[in-house]
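Engineer: Here you go, one structure.
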Amino acid sequence: MKIEIADSTNPFSVKTPEDLEAAEALRLFVDVFTDFYKIREPGHSMLNGPRGSGKSMMFRFLQPDCQLLARNSTFQDLPFLGVLVSIKNTDLKLTELQRLEDRHAAAVLNEHFLCMYVASRVFLTLSRAPIEGGSVARKEVGEVLRHQFYGVLERSGWQRGRRESKDPDSTSDASHLFNAAKALCDRLYAEVINYVKRLAFEATSLPPYTGALCGYLDFLYPLLEALREMSFMPKKPIYLLMDDADYLNLSQTMVLNSWISTRTGRTVSLKVSTQLKYKTYSTLGGMRISSPHDYSEVNISDIYTSHRGKYLGRVEEIVRKRLLLAGFEKSPREFFPRDEEQEGRIATIEEQLRADWPQKGRGFRASDDVVRYARPIFISRLKGRRKAGSTYSYAGFEQLVHISSGLIRYFLEPAALMYSEEEALAGGGEVGFIRPRIQNEVIRAVADELMMSEFDRIFADDQIDLGPGTGEVDRELMKQSLHNLIKSLGGVFHQKLLSQDSERRVFSVAFSDRPDPDLMQVFQLGIEFGYFQRSSIGNKDGTGRTPLYVLTRRLAPHFTLDPTGFAGYLFVTNERMWEAVRDPNAFLRKVKKRGVKHMFEERQLRLFDA
Amino acid sequence: MGRARVHDLGGGRALPGVVDLFIGSVSYEDRCMSVARWLKTSEVRLSIIAENMNHVEFHRGNGERLRGYFPGCMAVNLDTASPLRTADGLRAALDEVDLPEDGKVVVDITTFTHEALLILFQLVRRRFRRVQVIYAYASAREYAYGLAVEEKWLSRGVEDVRSVLGYPGTFRPSRKLHLIVLVGFEHERIGELISQYEPSLVSLGYGEPGPRGTSDHIPSAILGFGRLKALYGGANEFSFPCFDPIATKEVLKGTTARHPKYNVIIAALNTKLSTLGAALAAIENEEVQLCYAQAVLYNIRRYSLPGDDLYLFSCAD
């Protein structure tokens, strides 16, 4: 669909937490630390969640400027000093560094690179801190820098240049001294890049590196300890908030793991956020770090898929704050109203189900039947009347939250597009709320785009020539396979919704037999691209657990599925899934003809709310 | 230098005289043969034909056809997933070539990937300092042909984002990030770039309507542009002449200079000529990094139809 655009402030547009002023960050921040309390406690932590799940916002809140405002305290009384170390994709992971992989220089140079990066951010944070203590503080800072920074750097191979020919100027204030140290870290970081540039087109021999080389234990940790001991500093741990550590290369990741393994967590805690693509848990010494031994682990997705009511509440609060900040007085539910005509018709079906329950009810209570069947019946009746069957409206705050699949980003992005559309259509007038028609159109367009509808056009006549156990599957073929798999599963779930089965709302599959590696690669690719989430359930034999693959509800509008609940899953076999991958159209015709019940075994899933 | 018609190559009008070295790339686009088809290949002494070996099955025999124009050519294996392999392959081939000081090199940049082109540009500059190097670009009559404007697409998704080998930039960890994008069709790729980098500042450049036929490509780019603005409202906008590398370079220099205290990454997603402009900007200002966003899926069946226009550019211009 064509989206109209107007120039103005969109309450749902993407905001980079790092760029928010402390006051605005506080206004927008929804306290999630009751869910993620381990992050605020001393000790190393890993915070895992897809992009857009709120990790960066959490780290922003932990920075001293936000903490000072939130707690109304002094710098010295802060419970920790949070230093944001935001790792952008290609800040550290330079392509040239690939030349060093499998060479002994990789670890040493990458550790020095990472140390300078972190140290620069530490000094940046301290240069902005409201340090009290005047000349005493200045003197302390000068001493620490002289011995623990410049002195150690010299011993590590740094050659003091004319710019740093004197000791730290005792007449400069603390902030100025920290800025000078930060500038030196930036220069040493740049020296590594200048060396690395020479590697770009050298396939065989490495030019010699003659700069400084610093590590965590000989440089960074002692420096942080010494800084922490200064009289004006919080007498609490320093938290290094390593945001998006997936963007480290393999060597850098192993370096960071080695830091985590050093058990310095009570004084210097490493809080590492990842987008579930962390490259390894191995250290440079060949050991593996693990939870809870070396760090505490928090998985955002697990928490919000296990407690969907909690997620709904969080989104409501976030949206309410955004609307308030933008000057809207409406609640999220008022701003994103349901299609009341549709809901009225569903309510009629609900009443009928309640009335029929004593004689024909399937659930334990009448309300069980209402929840399970009202919406599916409505959708199936739509399909009966009209050929397309696609007039179900996904408007309404709660439906949009369900469709976002536990990630706030997948609520806010479509909301931004909806707002922009309304704004453009208003032609300069005010936007009061998002009309159901616009909500529905945009969310359907987003789902269709996610499904890459163009695949059909491209591969319409192609069938996938793959078989089980064929070994390495070419990645291009895997992408086609993934599309076919999703198309098939989406179609099966839709058939299930329209059926007369006892559980019609299904979004997940588990294998009753052992899937072969090639098929697992396809599912793994799906997880990588965000089409599936992986969970686990008890296996069929009751002898252990088996993976459960949950299709993202973001695709619900594309396949006309009910996003508001999914209490069931299907057991599938390796052979069935290969059928689905090879020829989804033929597979779906077979499912339609025989019925989902006869092709798959269904199970109730107690993990989710009904 | 400047603009000509592709068939002017045949009469020797566009590129008179012997070509000491021709460099081209195989592609699923038939445009990979536009220059070779008209060039007087009997007057080409040496040739290097590169091909992405991990995409051979998508090239539908174009490799054989292109190499057929240059008997005895040096075949170079590239790999879209491995910039080191690409760089090493190109360098090894270029090291085999000896050219006279007054020699002439023609590089058909039309269907190299943006990343391979940027790498090749650095290698050619280092290898042939005194030789005349002409970069040739054959235009497209239509992109995503056969599709309505609002349905046009060239690529989907982003598989990997990486710095381009040879253009790492010189960043300061304490600085914020300014992402500059030369926008093409791939608004989805741009959204992914912004999402991954989380820049503090975004500047989006859209190509100015150029010579005949090029403005037809613009509407779908604007549609995607609008979507980006909805999501990332604060983006700056600028325009650039997408068929003029030198002018593109100047625009990029200006855009960078307007926000001096930022680390700068440029993503060149428009024409290959404007990508050369980005290369020149990054070479002149080594603090600038160039990045490459590899797509998940390319519209290999309907990517482009060959056009009639030929652009020629030399760094001496």
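Engineer: Considering amide H positions built from the backbone, and no H for Pro or chain starts, which residues 5 or more places from B:VAL296, or on another chain, come under 5 Å of its amide H?
Structural biologist: Under 5 Å from the amide H of B:VAL296: B:ARG156, B:GLY157, B:VAL158, B:GLU159.
Engineer: Starting with the highest mean, order A:264-273, A:18-27, A:201-210, A:239-248 by the number of other Cβ atoms within 10 Å, averaged over the residues of each peptide.
Structural biologist: Ranking, from highest mean packing down: A:239-248, A:264-273, A:18-27, A:201-210.
Engineer: Got a number for carbon plus sulfur as a percent of the protein assembly as shown's accessible area, 1.4 Å probe?
Structural biologist: 48 percent
Engineer: Another one. Kindly report, to the nearest 10 Å², the accessible surface of B:THR248 as traced by a 1.4 Å probe over protein heavy atoms only.
Structural biologist: 0 Å²
Engineer: Total accessible area buried between chains A and B, 1.4 Å probe, in Å² to the nearest 100?
Structural biologist: Result for this pair: about 5100 Å² buried.
Engineer: Using modelled backbone amide H atoms (1.01 Å from N, in-plane), which distant-in-sequence or interchain residues come within less than 5 Å of B:GLU287's amide H?
Structural biologist: The answer is B:THR170.
Engineer: Need the full-extension length gain, A:ASN299 to A:GLU24, defined as separation in residues times 0.36 nm minus the C-alpha distance. One decimal, nm.
Structural biologist: Net length gain for the segment: 96.4 nm.
Engineer: Round to the nearest 0.05 the FRET efficiency obtained for B:PHE58 and B:GLU142 when R0 = 22 Å and r is the Cβ-Cβ distance.
Structural biologist: That pair, B:PHE58 with B:GLU142, gives E of 0.65.
Engineer: Right, another one. Could you state the number of Å between the C-alpha centres of the stretch A:143-158 and the stretch B:104-167?
Structural biologist: Taking the Cα centre of each part, the stretch B:104-167 and the stretch A:143-158 sit 47 Å apart.
Engineer: Using a cut-off of 12 Å between beta-carbons, work out the net charge of the residues near A:TYR195 (Lys and Arg +1, Asp and Glu -1, A:TYR195 not included).
Structural biologist: Value of the local net charge: 0.
Engineer: How far is it, in nm, from the label point at A:SER536 to the one at A:GLU334 when both lie 7 Å from their Cα along the line to the Cβ?
Structural biologist: 4.7 nm
Engineer: With only Lys, Arg, Asp and Glu charged, each at its Cβ (+1 for the first two, -1 for the last two), find how big the charge dipole of the protein assembly as shown is about the Cα centre; round to the nearest 20 debye. Write down the numbers at each step before the final one.
Structural biologist: Details: 120 positive and 117 negative charges, 260 e Å.
For the protein assembly as shown, the charge dipole is close to 1240 debye.
Engineer: So which residues in the stretch B:69-117 end up with at least 50 square angstrom less accessible surface once the other protein chains are there, compared with the chain by itself, probe 1.4 angstrom?
Structural biologist: Output list: B:LEU84, B:ASP88, B:ARG91.
Engineer: Considering every residue in B:171-184, what mean count of other chain Cβ atoms within 10 Å of its Cβ is obtained? The partial results should precede the final answer.
Structural biologist: Values: counts 10, 9, 20, 13, 3, 5, 8, 0, 1, 0, 0, 0, 0, 0.
Whole-number average of other-chain Cβ neighbours for B:171-184 is 5.
Engineer: Roughly speaking, what is the centre-to-centre gap between the stretch A:312-353 and the stretch A:170-234 when only Cα atoms are used, to the nearest Å?
Structural biologist: Answer, in whole Å: 52.
Engineer: Taking 0.36 nm per residue of separation and subtracting the Cα-Cα distance, what length does fully extending A:LYS235 through A:ARG40 add?
Structural biologist: 68.6 nm is the gain from fully extending A:LYS235 to A:ARG40.
Engineer: Further question: Residues with amide H under 5 Å of B:ILE23's amide H, sequence separation 5 or more or different chain, H placed in the peptide plane at 1.01 Å from N; which?
Structural biologist: Hits under the 5 Å cutoff: B:ILE48, B:VAL106, B:VAL107, B:ASP108.
Engineer: On average, how many beta carbons from a partner chain sit within 10 Å of the beta carbon of a residue in A:93-106?
Structural biologist: The per-residue average across the peptide is 3.
Engineer: Further, regarding this structure: Which of the DSSP-defined H helices in chain A satisfy a minimum axial length of 30 Å, computed from C-alpha atoms, and a minimum mean Kyte-Doolittle hydropathy of -0.5?
Structural biologist: Details: long enough: A:105-127 (33 Å, 1.16); A:174-197 (35 Å, 0.24); A:475-498 (34 Å, -0.12).
Taking the DSSP H segments of chain A (at least 30 Å long, mean hydropathy at least -0.5), we get A:105-127, A:174-197, A:475-498.
Engineer: What residue among A:PHE219, A:LEU551, A:LEU325 has its Cα farthest toward the positive end of the dipole of chain A, where the charges are +1 on Lys, Arg and -1 on Asp, Glu, each on the Cβ?
Structural biologist: The residue sitting most towards the positive pole is A:LEU551.
Engineer: Shielding of A:196-204 by partners, i.e. mean partner chain Cβ atoms within 10 Å per residue?
Structural biologist: Numbers: counts 1, 7, 0, 3, 11, 12, 3, 7, 1.
Neighbouring Cβ atoms belonging to other protein chains average 5 per residue here.
Engineer: Subtract the Cα-Cα distance of A:ALA426 and A:MET287 from 0.36 nm times their separation in residues, and report this length gain in nm to one decimal.
Structural biologist: 44.0 nm
Engineer: If you don't mind, there's one more thing I want to ask. Looking at chain A only, what percent of DSSP beta bridges run antiparallel? Nearest 5 please. Walk me through the intermediate numbers first.
Structural biologist: Working: 15 of 39 bridges.
Around 40 percent of the beta bridges assigned by DSSP in chain A are antiparallel ones.
Engineer: Ignoring ligands, DNA and RNA, what accessible area per residue does the protein assembly as shown give at 1.4 Å, in Å²?
Structural biologist: 40 Å²
Engineer: Still on this model: Here is the link list: A:LYS15/A:LYS277; A:LYS88/A:LYS236; A:LYS93/A:LYS487; A:LYS310/B:LYS261; A:LYS487/B:LYS272; A:LYS93/A:LYS479. Which ones come out longer than 30 Å on Cα distance? Can you show the working numbers first?
Structural biologist: Working: A:LYS15/A:LYS277 23 Å; A:LYS88/A:LYS236 28 Å; A:LYS93/A:LYS487 36 Å; A:LYS310/B:LYS261 42 Å; A:LYS487/B:LYS272 36 Å; A:LYS93/A:LYS479 26 Å.
Over 30 Å apart, Cα to Cα: A:LYS93/A:LYS487; A:LYS310/B:LYS261; A:LYS487/B:LYS272.
Engineer: In the calculated pair distance distribution of the protein assembly as shown, what percentage of Cα-Cα distances lie above 53 Å? Walk me through the numbers on the way to the answer.
Structural biologist: Working: 83986 of 429201 pairs.
So the portion of pairs separated by more than 53 Å is 20 percent.
Engineer: Something else: For labels at A:LEU217 and B:ARG129 in the simple 7 Å Cα→Cβ model, what's the distance in nm?
Structural biologist: Taking the simple label geometry, A:LEU217 and B:ARG129 are separated by 4.6 nm.
Engineer: Given the -39500 (n - 2.57) contribution per DSSP H run of 4+ residues, what per-residue ellipticity at 222 nm results for the protein assembly as shown, rounded to the nearest 500 deg cm²/dmol?
Structural biologist: It comes out at -12500 deg cm²/dmol, rounded to the nearest 500.
Engineer: Please find the FRET efficiency linking B:VAL18 to B:ILE246, where r is the Cβ-Cβ separation and R0 is fixed at 22 Å, and quote it to the nearest 0.05.
Structural biologist: Plugging the Cβ-Cβ distance into 1/(1 + (r/R0)^6) gives 0.25.
Engineer: Could you tell me the distance between the Cα centroids of the stretch B:1-77 and the stretch A:38-97, to the nearest Å?
Structural biologist: Using only Cα atoms, the two centres lie 52 Å from each other.
Engineer: Using a Förster distance of 56 Å, how high is the FRET efficiency between B:ARG45 and B:ALA257, based on the Cβ-Cβ distance and rounded to 0.05?
Structural biologist: 0.85
The values are calculated or read from the model by the stated rules, or taken from the named source; none is laboratory data. All values reported here derive from a predicted model rather than from experimental measurement. For neighbour counting, all protein chains shown are included, and Cβ atoms are generated from backbone atoms with ideal geometry for every residue, glycine included. Heads up: the accessible areas ignore ligands, DNA and RNA and are worked out on the full protein's heavy atoms, side chains in. Shrake-Rupley method; radii C 1.70, N 1.55, O 1.52, S 1.80 Å.
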